[in-house]
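Below is one structure; the comments refer to it alone.
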Amino acid sequence: MVIDPGRAFGTGAHPTTRLCLDLLQAVEPTSLLDVGCGSGVLSIAAAKLGFSPVSATDLDDVALETTRANASVNHVDVDVVEILPRAELAVMNIALEVVEGMLPKLPVERAITSGYLDRDEPQVDGWRHVERRARDGWAADLLEFRT
Ligand SMILES: C[S@@+](CC[C@H](N)C(=O)[O-])C[C@H]1O[C@@H](n2cnc3c(N)ncnc32)[C@H](O)[C@@H]1O
């Protein structure tokens with residue numbers, strides 16, 4: 001994989017990105033929505049792992065452009081979107097309060113979340129914890145929506 005983050009976040013080296021990658025490798029590849037895609041590193045890795053379709057979004061236009069460019073360099077299909085499509089799984093490496101605020105609005109039933117410390121865990125009504133990975137004081141979780 002070739003990733004030029006430019007001015008966007010995401011060389012792939014940060015522990016939270018690596019923890020998300022660990023969990024992406026632990027689940028069956030499905031459709032994926034990458035929220036807060038930054039450089040596109042998670043979308044591109046997921047596409048190479050067989051996730052399809054992969055959609056990516058970010059509130060930063062630089063991140064959207066960087067994700068498009070990095071997907072092209074890596075010869076993978078990543079749909080850079082502003083309106084979020086339904087997907088089976090989301091990945092969100094952002095921050096605890098953003099994860100907790102966005103999770104109820106996402107059109108997905110499972111999510112890999114990170115961007116917070118090992119002492120923290122998202123608490124969102126209807127979402128239950130399935131699995132956790134931790135490294136260097138950071139954590140990532142696999143969460144599932146249960147009615
Ligand atoms: C820590 S970076 C993660 C980048 C990449 N996914 C990775 O794992 O390396 C978080 C990204 O989330 C974006 N972001 C922050 N708040 C957001 C929001 N409310 N909606 C969408 N993207 C957001 C930021 O612009 C930034 O690109």
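Bear in mind these aren't lab numbers, they're just calculated from the coordinates by the rules spelled out. Note that the structure is a prediction, hence the values are computed from the model and not measured. Heads up, the Cβs are rebuilt from the backbone with ideal geometry, glycines too, and the neighbour counts pull from every protein chain shown.
Working from Cα positions, state the angle (0 to 90°, nearest 10) between the long axis of helix 61-73 and the longest principal axis of the chain. The angle comes out near 60 degrees.
Projected over every direction and averaged, the convex hull enclosing the alpha-carbon atoms of the chain yields 7.6 nm². Think of the range 15-145 as having a plus end and a minus end, set by charges on the Cβ of Lys, Arg, Asp and Glu; of LEU106, ALA47, GLN123, ALA47 sits farthest toward the positive end of this dipole. Phi angles of the range 104-117 translate, via the Karplus equation with coefficients 6.51, -1.76, 1.60 and θ = phi - 60°, into HN-Hα couplings of x, 9, 7, x, 9, 10, 9, 8, 9, 10, 7, x, 9, 7 Hz per residue; Gly and Pro are given as x. Residues of the chain were split at every exposed loop site, defined as trypsin sites (Lys or Arg not before Pro) in a DSSP loop with at most 11 other C-beta atoms within 10 angstrom, and the longest piece left, sites excluded, is 8-85.
When only Cα pairs below 8 angstrom with a gap of at least 6 residues are kept, the range 15-145 shows a relative contact order of 26 percent.
Between 0 and 90 degrees, the angle of helix 15-26 with respect to the longest Cα principal axis of the chain falls at about 80 degrees. At most 10 other Cβ atoms within 10 Å and a DSSP loop assignment: could you name the GluC sites (Glu not before Pro) in the range 34-98 that fit? Of the GluC sites (Glu not before Pro), the ones in loops of the range 34-98 whose Cβ has at most 10 other Cβ atoms within 10 Å are GLU82. Based on DSSP H segments of at least four residues, each scored -39500 (n - 2.57), the chain has a per-residue ellipticity at 222 nm of -8500 deg cm²/dmol. Taking amide hydrogens as placed 1.01 Å from N in the peptide plane, the amide H of LEU33 sits under 5 Å from those of SER55, LEU89, ALA90, VAL91, each at least 5 positions away in sequence or on another chain.
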